[in-house]
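**Student:** The structure is given below, and queries will be raised subsequently.
Please treat every number below as a calculation from the coordinates, not as lab data. This is a predicted model, so every value here is computed, not measured. Every residue, glycine among them, receives a Cβ derived from its backbone with ideal geometry; neighbour counts consider all protein chains shown.
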């Protein structure tokens with residue numbers, strides 16, 4: 001990959017990768033750090049990376065950096081158990097996007113990731129498998145289970161009939 005191709009890759013894909021990571025970890029500073037690290041790694045391996053597959057390389061690299069960070073964070077601090085009751089409160093939602101974001105937070109990490117890659121970023125099952133290290137059948141199962149859980153949760157909240 002040439003310097004011109006690298007710069008084009010940054011221009012074309014930085015926002016998409018950032019949004020994907022931010023949706024998963026919901027921390028702007030950490031998301032920026034992850035994206036910076038992903039682009040740094042791509043620059044260090046620019047001789048090996050083909051421009052046509054640079055988007056997939058970036059998503060894969062950023063995803064793996066994010067997972068490593070999450071695992072490190074889990075070891076350092078215990079996470080409180082999630083209670084579905086957190087979603088039941090008196091506040092009325094007026095924005096479906098906000099409701100979906102809250103519902104996505106309740107999904108297990110892998111289900112949230114594959115749904116975001118499929119429904120928000122438009123990747124196909126094979127591409128998601130390459131990014132996450134899963135086979136296409138596993139990707140389909142995680143997407144199905146995640147969507148099923150989202151539908152169930154949204155039905156309980158009265159958003160979906």
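**Student:** Could you check the range 1-32 and list, in sequence order, the residues that are under 15 Å from residue 43 (Cα atoms) and in a helix (DSSP H, G or I)?
**Tutor:** Pass one, the range 1-32, residues under 15 Å from residue 43 (Cα atoms): 1-11, 13-14.
3, 4, 5, 6, 7, 8, 9, 10, 11, 13, 14 - these are the residues of the range 1-32 that are under 15 Å from residue 43 (Cα atoms) and in a helix (DSSP H, G or I).
**Student:** Restricting to the range 124-156, what's the tally of residues that are closer than 20 Å to residue 58 by Cα and either assigned to a helix (DSSP H, G or I) or touching a residue at least 12 places away in the same chain (Cβ under 8 Å) (or both)?
**Tutor:** Here is the first cut: in the range 124-156, the ones closer than 20 Å to residue 58 by Cα are 124-136, 139.
Applying the additional criterion that residues be either assigned to a helix (DSSP H, G or I) or touching a residue at least 12 places away in the same chain (Cβ under 8 Å) (or both) yields 125-132, 134, 136, 139.
Result for the range 124-156: 11.
**Student:** Applying the selection to the range 40-60, what residues are farther than 23 Å from residue 129 by Cβ, in contact with a helix residue (DSSP H, G or I) (Cβ under 8 Å, 6 or more places away or on another chain) and assigned to a helix (DSSP H, G or I)? Break it down into steps so the answer makes sense when it comes.
**Tutor:** First, the residues of the range 40-60 that are farther than 23 Å from residue 129 by Cβ: 40, 43-44, 46-47.
Filter again for in contact with a helix residue (DSSP H, G or I) (Cβ under 8 Å, 6 or more places away or on another chain), leaving 43, 46.
43 - this is the single residue of the range 40-60 that is farther than 23 Å from residue 129 by Cβ, in contact with a helix residue (DSSP H, G or I) (Cβ under 8 Å, 6 or more places away or on another chain) and assigned to a helix (DSSP H, G or I).
**Student:** Could I ask something else about it? Looking only at the range 108-122, decide whether some residue is surrounded by 20 or more Cβ atoms within 10 Å (Cβ to Cβ), without any contact (Cβ under 8 Å) to a residue 24 or more places away in the chain and in contact with a helix residue (DSSP H, G or I) (Cβ under 8 Å, 6 or more places away or on another chain).
**Tutor:** No.
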